[in-house]
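The values are calculated or read from the model by the stated rules, or taken from the named source; none is laboratory data. Keep in mind it's a predicted model, so treat the numbers as computed, not measured. Virtual Cβ from ideal backbone geometry, glycine too; neighbours counted across all protein chains shown. Surface areas here come from the heavy atoms of the whole protein model, side chains and all, with no ligands, DNA or RNA. Shrake-Rupley method; radii C 1.70, N 1.55, O 1.52, S 1.80 Å.
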Amino acid sequence: ADSINYDAVAVVSHVINFGMPVVVVAGLALAGEGMKMLLLPACVGAAVGAAFVAKYSTHRQRPAVHFNLTHATELANKPDSDQWSSFFSGDTAVCASAAMFAVLHLCERSCFGTAIAVFLTALTGCLLRIAAMMHWTTDVATGIAVGGLAGMLFGPNIVALRE
């Protein structure tokens, strides 16, 4: 278990998960989709808000604590209270909400190859939260579901904004 650099895995997951909304906003800006670009913060905010409510009401122990690997993960530099905020993954909710928003936009424009690339990149970032020992599989699955739902609710196909 010590052969895995959990901190490095966590860093890559953060870059992908928190980079996803940034890339989506940049893509929408370059495409001249100003109104849709303004919806993305509400989309991500809804997913993050749900994650924080769940985290601080369920107090689920993180896998790193359960497997006595706290010292080898990003938890080594976090307050003790963070050991009990596993359910559900906020990183995953952020990434999934932005990715779903982007995938809907891309599919609306028949950019299916790019939509698949966005989906696979997001899935990778989400699954790395498990590999980093920061979340259980159900934490990540719930984050994907909640984020995906937020992306659908705020996404361009549902809102049907026409500029």
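Values as computed for the structure displayed
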| item | result |
| --- | --- |
| Odd one out for PHE88, checked against (1) out of contact with any Pro (no Cβ under 7 Å at 6 or more places or on another chain); (2) part of a helix (DSSP H, G or I); (3) of a type outside the set (A, V, I, L, M); (4) open to solvent by less than 50 Å² (accessible area, probe 1.4 Å) | (2) |
| Inter-residue pairs, beta-carbon under 6 Å, first within 18 Å of ALA115 (Cα to Cα) and in segment 21-45, second surrounded by 15 or more Cβ atoms within 10 Å (Cβ to Cβ) and basic (Lys, Arg), 6+ apart | LEU28/LYS36 |
| Residue in segment 12-30 that is nearest to ALA131 (Cα to Cα), counting only those that are aliphatic (A, V, I, L, M) and surrounded by 14 or more Cβ atoms within 10 Å (Cβ to Cβ) | VAL12 |
| Exclusive hit being under 12 Å from the mean Cα position of the chain (by Cα), surrounded by fewer than 20 Cβ atoms within 10 Å (Cβ to Cβ), of a type outside the set (Asp, Glu) and assigned to a helix (DSSP H, G or I), set ALA122, ALA141 | ALA141 |
| Residues that are part of a helix (DSSP H, G or I) and open to solvent by 30 Å² or more (accessible area, probe 1.4 Å), drawn from segment 107-119 | CYS107, GLU108, PHE112, GLY113, THR114, ILE116, ALA117, PHE119 |
| Which numbered condition ILE16 misses (of (1) closer than 17 Å to GLY143 by Cβ; (2) of a type in the set (Val, Ile, Thr); (3) not in a helix (DSSP H, G or I)) | (3) |
| Residue within segment 54-75 that is open to solvent by 30 Å² or more (accessible area, probe 1.4 Å), touching a residue at least 40 places away in the same chain (Cβ under 8 Å) and assigned to a helix (DSSP H, G or I) present | no |
| Residue list for segment 1-11, restricted to those being open to solvent by 70 Å² or more (accessible area, probe 1.4 Å) and either within 16 Å of VAL140 (Cα to Cα) or of a type outside the set (Val, Ile, Thr) (or both) | ALA1, ASP2, SER3, ASN5 |
